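This report refers to the structure that appears directly beneath it.
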Amino acid sequence: MLLDNLPHSDPGDPVLTTPGRFLLWIGRQQKKLLALGVIWGVVWMVGQALIPGALGAGIQAISDEDEAKALRWAGVVLVLGVVQAGAGLVRHRYAVANWVTAGTRVQQLLIRRATHLGADLPKQVATGEVVAASANDVERIGNALDILPRMVGAIIAFFVVAAILIASNATLGLIVLVGVPLLSLAVAPLVRPLERREREQRIHLGLTQELAADTVAGLRVLRGIGGEDLFLARFQAESKKVQAAAVRTAHIRALLDAMQVFLPGLFVVIVTWLGARLALQGELTVGQLVAFYGYTAFLVLPLRTVTEAAHKFTAARVAAARVITVMTLERMFDEGSEATAPPPTSTAGEITDPQTGLVVAPGQLTAIVTNDPDASEVLIDRLGRYRESNVSLDGTLVEDLPLLTVRERVLVQDKDPMILSGAAEDLFDIPRTGRIAVADALASASALDVVDALPDGLATDLPERGRSLSGGQRQRLALARSLVADPEVLILDEPTSAVDAHTEARIGLGLRDARSGRTTVVFTTSPLLLEHVDVVAFLKDGRIQATGQHRQLLRENADYRRTVTRGEDE
Amino acid sequence: MKPPESLAQTEKSTEGKLPVASPESVRRYVVTLLRRNRGIFFALVGLNAVAAAASIVGPQVLGSIVEKIGQGADNAYVNKVALIFLVALLVQTVFTRWARIRGAVLGESILADLREDFLTRVVALPPGVVERAGTGDLVTRTTTDVDRLSWAVRLAVPEIAIALVTATLVFAALIFTAPILALSWLFAVPVIGVVTRWYFKRAPYAYRHEMSSYAAVNSGIAETVDAGRTVEAYRLGDARVRRTDNAIKRWISWERYTLYLRTIFFPSIEISYVLPLAAVLGLGGWLYIDGQVSLAQVTAAVLYTQMLIEPVDIILMWYDELQVGQASMARLIGVHDVPDPVTDGTHEPQSSDLHVNDVRYGYREGRDVLHGVSMDIEPGDRVAIVGPSGAGKSTLGRLLAGLHAPRTGTIDMGGVTLATMPTEKVRRHVALVTQEHHVFIGTLRDNLLLARPDSSDTQLWEALGSVDAAEWAQTLPQGLLTELGTGRHKLTSAQAQQLALARLVLADPHTLVLDEATSLLDPRAARHLEQSLAAVLEGRTVIAIAHRLMTAHDAKRVVVVEDGKITESGSHDELVTAGGAYAALWRSWRDED
């Protein structure tokens, strides 16, 4: 059955040099579907093309007062109609299949690229841009593949009709054969300005959508504190620009539409006029005249299909260009490859950072205390290789390791970890060692009560960003997720900042337990957590100033004391 | 073929979801729109009618030529009718262009109204509704539905409108030419009727699901982009790809079902078009030979019958798109169906004291989160609400900020029930800042001005200074004019939180509810910020939902919430002396010093 093989098991490796080549590549991937679409498109169009001939013959028979013949031609019309209907259906089914096959391929390519770019993607493009690519542009590319077979059918039907016309009357036939392509060309000068105006319109539309989506995304803030009018006014101004741009586009399109009425119409007039004169001279029968009229009227359809196709190909090229923009984004730094990487000398998880002087002993729970949030953010990104970094992992520079290896060995849990929508249990559907069971991780992260509070437990669907949960609940689920992943090195950024003191103390114990034998670095200033770590490193002015036990540092280092007691002594 | 399993069945509940307008509301809305634009609308119908009328000249011309050829017409006659034909064509061309332009002007103006009306309504939604429904659904409506509706208004509506006018005129011409031959359409009408009914009974449901399953594919992709860093860190790439592929699979199953519907519908309709054509030919031949109709009549009737196919077909085919547009429209104007809470803006709170009286509240029916909370907050109070996660602290905060109305019990501010005050009024008195922050696309200045549009730059810098943010703000490439937000200059989460607090300082309500408002700052900075804030907020009531004990220590009064109830209340020293749960917690923290 059609569409059975979707989604594609592998969307393939696209050609991204130009929009045109990209579209060609898409077409090549579904050659067979396109070919079948073309065949049925031809049968359908030709079936349709033959009807005027049958009608003309019928009128001729009536004019000759031959009743049996007239009825016979009525029968032929019926049969042609039925054939055309059947072929039309099959053609439509292939058209849909072509649309969907191309559309899914683009979607699959986009998601694969998006996951490849990972952390870099939000930095390089707005989410709206990718959403627009995945929603609107997919449709436009699909439309191009949908119309391609119909266009081929239209061209072939045109030649069939031309042959019939030449056979009935060479002069008239030649006029049609030469005239119609000329008429198609006459519309061509309008296509480019239309394309340009459409592009302008799309730029405005994109901006309007971005503003609207942004306003809606920040709605809580607006409703909580005000400023709706400000943002509404801005949106309205943009919306008016879209309106103006769309009307400008419509002017050209209206001209195009009018030309599609006028040019073929003019042709029908000419053919009718010449045909009638020929009929007067006895060179054309009445039936042939009616058929000629019908044929030229029919030729509107192929003509329109071809211009529609030109239109859709243009839109598809614009869409393809946007898809290519997303598809050709690169990671901001070199990923390294397996081949050039030295084999790991050990996998103990020792971290050394010459820049800050940080040394994290393997298998220990280390806390880093700092009062400079920017410094901790930078250090975390360097430890996790989210930016340029001269940090070494077990004696090898993380920059020399393939990025995938770093991600596998070192897990960074952000300050504000993202909970993706879906069932709560899907949170734990991540690459993991299997050493830590979900239930144990939930217990260690003091998150069992979070799950208990969910209406369907772990099967509960969570909304995007886990919005139905409180900040503390989100943090504990996220911590459980990191524990389940059980990486060699786990880096936690303020993992308990939204958790109450009581729970925080429990988490300190649980964390220690779950991470025993593994390297864990936790950025925190909470005494309740610091109490449970093996060693504390105090980062100030970009350097590790002191290392030791929490209580020892409290006693010996005044700066440290001030940081963890939040200036209480000041 | 049966429709695939509905996604709606896997959606656990629709509670809290935003409404979708009923077909009647959509119809009413469309009628209102048309009435508002009555003039242009009728002009449009007129323009299209002229264009269509000009198009029916052709068959008449050919019919009379066919007739007259046998009766010895000459070239002069042929030239004359051909000229008439040409003039008719010119009229049709000019009016088509004119109608299309006027149509686009009307369509675009309606579209602009629609998307502006939509956003105008959205930014005025009751905060409680937004809180419950989440912004994801709204974002989809803002982007996808607006886009689909635009498509329908730009293409489907004019196509159908023109086709309706054309079909009416052509059919009228057919009846006028040969009423008896017009009867041939009786063969087609029942078939079209039955099949159309069958199809459109199933189609809206199927297309709705096809659409939502398609939207699910895109929102999955969007979420993956949004959570790029998390996806990368947890190596979720493959899982996200799998998820998208599964979403595609679900979408395809709906795509296949709608294709099945069309597989029945399309050929039945197309065959029903041929029936009258064959009938006109057969019947016309018989009647002509019988001497009842002229050859001109038969010829014109055949051509009109053929001409009718196109507009009828356009109506049926675009009806699909119209339905898609209608579904999107239902979702867009659905937001107008969100009931506004009954509010009364006449009473002005006499003071800023808050009385919470036996308040119960829950997000789900029968599952209260707060079980009878009562407390009084005096003007200028510094209250810290502490308690374990999930105890109901945040919920209490939302109620105090007037986001939700209590299920039972009351919250009064200065003698006025908070729940009866309009949002715009409530927030002049009380504002809530949570951990969730949003940096808008726009300049830093825009991001601040929203709180107080008439602020001067000096005031903006003062506000930034009072939340310790002036320093980093000064280092921004273009200062206040730096473009922020997605795809622009990115603030750290701590900076974003400071920005949120700076807005609060500008808005300057007399009561502030801070729910983990400084949690993304490092503790030392947080405490410094809280202290500089405190200086600015001198005399204001501050209710801080705190998970850090130092915040509680700094407060004048500590309220301990456990399991939806207030279990302890008093100053820090009082509670420590009382030796309850708070004291125990405090000791476990202090003892380590």
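Against the definition (surrounded by fewer than 19 Cβ atoms within 10 Å (Cβ to Cβ) and modelled with pLDDT of 80 or more), how does A:L207 come out, yes or no? Explain how you work it out, then say what you get.
On the way: surrounded by fewer than 19 Cβ atoms within 10 Å (Cβ to Cβ): yes; modelled with pLDDT of 80 or more: yes.
Yes, satisfied.
Sort through B:V298, B:V293 and tell me the only one that's crowded, with 20+ Cβ neighbours inside 10 Å, in contact (Cβ under 8 Å) with a residue 24 or more places away in the chain and outside any helix (DSSP H, G or I).
The conditions single out B:V293.
Among (1) within 30 Å of A:L411 (Cβ to Cβ); (2) more than 7 Å from every other protein chain (Cβ to nearest Cβ); (3) touching a helix residue (DSSP H, G or I) at 6+ places or on another chain (Cβ under 6 Å), which single condition is A:L145 missing?
(1)
One line per residue, one yes/no per condition, for (1) under 30 Å from B:A133 (Cβ atoms); (2) at the interface with another protein chain (Cβ under 8 Å from one of its Cβ atoms):
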position	(1), (2)
A:D214	yes, yes
A:R220	yes, yes
A:I225	yes, yes
A:D229	yes, yes
A:S239	yes, yes
A:R253	no, yes
A:L266	no, yes
A:Q281	no, no
A:G294	no, yes
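Exactly one condition in (1) away from chain A (no Cβ under 14 Å); (2) modelled with pLDDT under 90 is not met by B:R360; state its number.
Result: B:R360 passes all but (2).
Just to be sure before I move on: is A:P455 within 27 Å of the chain's Cα centre (by Cα) and on the phi < 0 side of the Ramachandran plot in the structure I sent?
Working: within 27 Å of the chain's Cα centre (by Cα): no; on the phi < 0 side of the Ramachandran plot: yes.
Judged against the criteria, A:P455 is not a match.
Does any residue of the range B:250-258 turn out to be more than 9 Å from every other protein chain (Cβ to nearest Cβ), in a helix (DSSP H, G or I), out of contact with any strand residue (DSSP E or B) (no Cβ under 8 Å at 6 or more places or on another chain) and crowded, with 22+ Cβ neighbours inside 10 Å?
Checking the range B:250-258: at least one residue is more than 9 Å from every other protein chain (Cβ to nearest Cβ), in a helix (DSSP H, G or I), out of contact with any strand residue (DSSP E or B) (no Cβ under 8 Å at 6 or more places or on another chain) and crowded, with 22+ Cβ neighbours inside 10 Å.
Name the pairs: first residue in the range A:237-248 and under 17 Å from B:W151 (Cα atoms), second residue buried (at least 20 other Cβ atoms within 10 Å of the Cβ) and among the basic types (K, R), Cβ to Cβ under 6 Å, at least 6 apart or on different chains?
Here the result reads A:S239/B:R115, each pair linking the range A:237-248 to a residue that is buried (at least 20 other Cβ atoms within 10 Å of the Cβ) and among the basic types (K, R).
Just to be sure, is A:A453 over 17 Å from B:A233 (Cα atoms) and at the interface with chain B (Cβ under 9 Å from one of its Cβ atoms)?
For A:A453, the condition - over 17 Å from B:A233 (Cα atoms) and at the interface with chain B (Cβ under 9 Å from one of its Cβ atoms) - is met.
Scan the range B:403-425 and give yes if some residue there is closer than 30 Å to B:D563 by Cβ, surrounded by fewer than 19 Cβ atoms within 10 Å (Cβ to Cβ) and basic (K, R), otherwise no.
Checked the range B:403-425: at least one residue is closer than 30 Å to B:D563 by Cβ, surrounded by fewer than 19 Cβ atoms within 10 Å (Cβ to Cβ) and basic (K, R).
Can you list the strands (runs of 3 or more DSSP E) lying wholly within the range A:464-570 that have 3 or more residues being β-branched (V, I, T) and more than 11 Å from every other protein chain (Cβ to nearest Cβ)?
Ranges flagged: A:519-523.
If you scan the range A:103-119, which residues turn out to be charged (D, E, K, R) and either more than 7 Å from every other protein chain (Cβ to nearest Cβ) or within 9 Å of the chain's Cα centre (by Cα) (or both)?
Selection gives A:R105, A:R113.
So how many residues does the range A:145-199 have that are modelled with pLDDT of 85 or more, over 17 Å from A:A309 (Cβ atoms) and touching a Ser or Thr at 6+ places or on another chain (Cβ under 7 Å)?
Going through the range A:145-199 one residue at a time, the tally reaches 1.
Within the group A:R512, A:R465, A:R562, A:R481, which residue is of a type in the set (D, E, K, R), surrounded by fewer than 20 Cβ atoms within 10 Å (Cβ to Cβ) and under 42 Å from the mean Cα position of the chain (by Cα)?
Among A:R512, A:R465, A:R562, A:R481, only A:R512 is of a type in the set (D, E, K, R), surrounded by fewer than 20 Cβ atoms within 10 Å (Cβ to Cβ) and under 42 Å from the mean Cα position of the chain (by Cα).
Looking at the range A:382-423, which of its residues are crowded, with 21+ Cβ neighbours inside 10 Å, more than 9 Å from chain B (Cβ to nearest Cβ) and in a helix (DSSP H, G or I)?
A:L383, A:V398, A:V406
List, please: which pairs have Cβ atoms under 9 Å, are six or more places apart or on different chains, and start with a residue in the range B:216-241 that is more than 21 Å from A:A217 (Cα to Cα) and facing chain A (nearest Cβ under 7 Å) and end with one that is surrounded by fewer than 22 Cβ atoms within 10 Å (Cβ to Cβ) and basic (K, R)?
Taking only residues 6 or more apart or on different chains, the pairs are B:G237/A:R112; B:V241/A:R112.
With (1) at the interface with chain B (Cβ under 8 Å from one of its Cβ atoms); (2) aliphatic (A, V, I, L, M); (3) free of Cβ contacts under 8 Å to residues at least 24 places away in the same chain as the list, and A:L6 as the residue in question, which single condition is left unmet?
Tallying (1) at the interface with chain B (Cβ under 8 Å from one of its Cβ atoms); (2) aliphatic (A, V, I, L, M); (3) free of Cβ contacts under 8 Å to residues at least 24 places away in the same chain, A:L6 fails exactly one: (3).
Which of the helices (runs of 4 or more DSSP H) contained wholly in the range A:43-134 include at least 2 residues that are crowded, with 24+ Cβ neighbours inside 10 Å and touching a residue at least 12 places away in the same chain (Cβ under 8 Å)? Walk me through how you get there before you give the answer.
Details: elements: A:67-117, A:121-124, A:127-132.
Of the helices (runs of 4 or more DSSP H) lying wholly inside the range A:43-134, those with at least 2 residues that are crowded, with 24+ Cβ neighbours inside 10 Å and touching a residue at least 12 places away in the same chain (Cβ under 8 Å) span A:67-117, A:127-132.
For the range A:212-238, give me each residue that is touching a His at 6+ places or on another chain (Cβ under 9 Å) and not β-branched (V, I, T).
Within the range A:212-238, A:D214, A:A217, A:G218, A:L219, A:R220, A:L222, A:E238 qualify.
Just checking: which of the strands (runs of 3 or more DSSP E) contained wholly in the range A:325-381 hold 2 or more residues that are surrounded by fewer than 16 Cβ atoms within 10 Å (Cβ to Cβ) and at pLDDT below 80?
Hits in the range A:325-381: none.
Tell me yes or no: at least one residue of the range A:269-278 is surrounded by fewer than 22 Cβ atoms within 10 Å (Cβ to Cβ), at pLDDT 85 or above, part of a helix (DSSP H, G or I) and not hydrophobic (A, V, I, L, M, F, W, C).
Yes, there is a match, as at least one residue in the range A:269-278 is surrounded by fewer than 22 Cβ atoms within 10 Å (Cβ to Cβ), at pLDDT 85 or above, part of a helix (DSSP H, G or I) and not hydrophobic (A, V, I, L, M, F, W, C).
Which pairs turn up if I take residues in the range A:414-431 that are farther than 22 Å from A:T496 by Cα and look for partners that are outside any helix (DSSP H, G or I) and β-branched (V, I, T) with beta carbon separation below 8 Å, at least 6 apart in sequence or on another chain?
A:A423/A:T460
Say whether the condition of being more than 8 Å from every other protein chain (Cβ to nearest Cβ) and free of Cβ contacts under 8 Å to residues at least 60 places away in the same chain is met by at least one residue in the range B:265-278.
No, that holds for no residue.
I'm trying to understand the selection: among the residues of the range B:112-152, which are at the interface with chain A (Cβ under 7 Å from one of its Cβ atoms), over 12 Å from the mean Cα position of the chain (by Cα) and under 16 Å from A:V242 (Cβ atoms)?
B:A112
Counting only residues that are buried (at least 17 other Cβ atoms within 10 Å of the Cβ) and either in contact with a Ser or Thr (Cβ under 9 Å, 6 or more places away or on another chain) or assigned to a loop (DSSP other than H, G, I, E, B) (or both), how many does the range A:432-453 have?
Kept after step one, since they are buried (at least 17 other Cβ atoms within 10 Å of the Cβ), are these residues of the range A:432-453: A:432, A:436, A:438, A:441-447, A:450-451.
Now restrict to residues that are either in contact with a Ser or Thr (Cβ under 9 Å, 6 or more places away or on another chain) or assigned to a loop (DSSP other than H, G, I, E, B) (or both): A:432, A:436, A:441, A:445-447, A:450-451.
The number of residues fulfilling the criteria is 8.
For the structure I just gave you, tell me whether B:Q498 is within 30 Å of A:V131 (Cα to Cα), surrounded by 15 or more Cβ atoms within 10 Å (Cβ to Cβ) and modelled with pLDDT of 85 or more.
Details: within 30 Å of A:V131 (Cα to Cα): yes; surrounded by 15 or more Cβ atoms within 10 Å (Cβ to Cβ): yes; modelled with pLDDT of 85 or more: yes.
Yes, satisfied.
Please determine whether any residue of the range A:225-247 is touching a helix residue (DSSP H, G or I) at 6+ places or on another chain (Cβ under 8 Å) and not in a helix (DSSP H, G or I).
Yes, the conditions are met somewhere in the range A:225-247.
The values are calculated or read from the model by the stated rules, or taken from the named source; none is laboratory data. Computed from a predicted model, the values in this text were never measured in an experiment. Methodologically, a virtual Cβ is constructed for each residue, glycine included, from the backbone with ideal geometry; neighbour enumeration extends over all protein chains shown.
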